[in-house]
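Please treat every number below as a calculation from the coordinates, not as lab data. Please read all numbers here as calculations on a predicted model, not as lab measurements. As a convention, Cβ positions derive from the backbone with ideal geometry for all residues, glycine included, and neighbour counts pool all protein chains shown.
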Amino acid sequence: MRVLHVERGVGVGALTEQYVEAAYPSVEVTHVRGTGYGGEVAAAVAEGVDCVVTDHRPPLTDAGVVAGTVAAVDETVPVVVFSAAPDERIEGAAAVLRKRSGLDGLDALVGTVVGLAADGDGE
């Protein structure tokens, strides 16, 4: 399973990638960081991902913009918002999860991502 993680924080991104790939070997995490995340997200989705996980910290990262970008390329790819201050009303998000301390938050994220990707594949 390929997951695109949109996260401006380098430390959070690295921790997420390392933990998820070690604990869940079937999940490959690719990160997008930087100011031009819209184009990078579109390119990664076009290459093929099963799910997109995004932070939501406007104006740095706007989950609504990320969801719109994903839908414009492939509307079957679910978008999960994973944020310390999530907005429950983010248009285009399949799920919204609050970041929390400890690894249980990452475990919950992976469970949500796997479930959504399986629903999309009909598995």
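Residue 55 - would you say it is closer than 12 Å to residue 1 by Cβ and of a type in the set (Asp, Glu)? So residue 55 does not fit the description; no.
Under the condition of being surrounded by 12 or more Cβ atoms within 10 Å (Cβ to Cβ) and of a type in the set (Asp, Glu), the residues counted in the stretch 107-123 number 1.
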